[in-house]
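Here's the structure we're looking at; comments come further down.
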Amino acid sequence: MNTFRVLLLCINGLVVIRQYYVLISHPTYNRVGLHSWLFYVVLYTEILLIAKLSQGEFSEPMPDEVKRWLRFGGGFYIAVSITGLIYSSIRHRKYFKNWRMNTSSLVIAHVDNKTNQQEEVKLKKKTE
């Protein structure tokens, strides 16, 4: 049963990652999708269940070696996340600096790095 729940969270997590990527990479989208909200609610419920049902589960304290590795892994995860966030924000700013809005369509001024030629691509706006 636990394996099925973890597998279900991982599969739903893939959809959530894609929805978040679309949110941060396209300037015309301004909200996350339904799967993201569903994932957050399920994850919050799982955390509440774990907190409620895990009281008294471990009678001995965690060994120091395990604590050290958890601190190292957590610090490494935070460092990589911050580095990726900084890199993606710099790359995102450089990629989208040539975007300009028009009333009827979105005009993308894209410069090809190999030929240094500028081309304009027109996309129709979604009307909501």
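The values are calculated or read from the model by the stated rules, or taken from the named source; none is laboratory data. Model, not experiment: these values are computed from the prediction. So basically every Cβ, Gly included, is an ideal-geometry build from the backbone, and we count neighbours across all protein chains shown. Accessible surface is based on the protein model in full, side chains and every heavy atom, while ligands, DNA and RNA are left aside. Shrake-Rupley method; radii C 1.70, N 1.55, O 1.52, S 1.80 Å.
Some points to look at:
- Any hit, the range 43-61, residues being under 19 Å from the mean Cα position of the chain (by Cα), part of a helix (DSSP H, G or I) and more than 30 Å from Arg91 (Cβ to Cβ): yes
- Answer residue from the range 32-42, given it is in a helix (DSSP H, G or I) and of a type in the set (A, V, I, L, M) and is least open to solvent (accessible area, probe 1.4 Å) among those: Val42
- Scope the range 1-31; condition among the hydrophobic types (A, V, I, L, M, F, W, C) and part of a loop (DSSP other than H, G, I, E, B); matching residues: Met1
- One residue alone among Glu60, Glu46, Glu65 is of a type outside the set (S, T, N, Q), surrounded by 10 or more Cβ atoms within 10 Å (Cβ to Cβ) and out of contact with any Cys (no Cβ under 8 Å at 6 or more places or on another chain), and that residue is Glu46.
- Residue selected from the range 11-25 under the condition without any contact (Cβ under 8 Å) to a residue 12 or more places away in the chain and open to solvent by 80 Å² or more (accessible area, probe 1.4 Å), by the criterion farthest from the chain's Cα centre (by Cα): Ile11
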